[in-house]
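Everything below concerns the one structure shown next.
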Amino acid sequence: MSQKRKVTLYFNAAMLAETQKEALRQDRSVSWIIQASWRIAREMVKQMPSAVPPSPPAENGAHAVQTGMSGQPSSGRAVAARTQA
């Protein structure tokens, strides 16, 4: 069995409410719902293209640095959901 570790996940209010509703319907924890969802969706997520395109090879021994995505904050209100992974 894998080691449990606390993580903090941020969901918008609508997604958190839907996840909580499904957990209640199935008489499971929100953590269980999120873990089951990941197991089901994992292969689909792996097929998605990367948000950061691969960098070309560096010249003259210089190291390429990838930067994170710079986007606008989401319009939904972020709600923290603490879970045991």
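None of the figures in this text is laboratory data; all of them are computed from the coordinates on show. Note that the structure is predicted; figures quoted are calculated from it, not measured. Counting neighbours? That spans all protein chains shown, and the Cβs are built from the backbone with ideal geometry, glycine included.
Near ASN12, the amide H atoms lying under 5 Å from its own belong to VAL79; only residues 5 or more places off or on other chains count, and H is placed 1.01 Å from N.
With the simple model of a label 7 Å out from the Cα in the direction of the Cβ, GLN35 to ALA51 spans 2.6 nm.
Judged by the mean number of other Cβ atoms found within 10 Å, the most tightly packed of the peptides 17-23, 49-55 leads the ranking 17-23, 49-55. Subtracting the Cα-Cα distance of ALA23 and VAL7 from 0.36 nm times their residue separation leaves 3.9 nm of extension gain.
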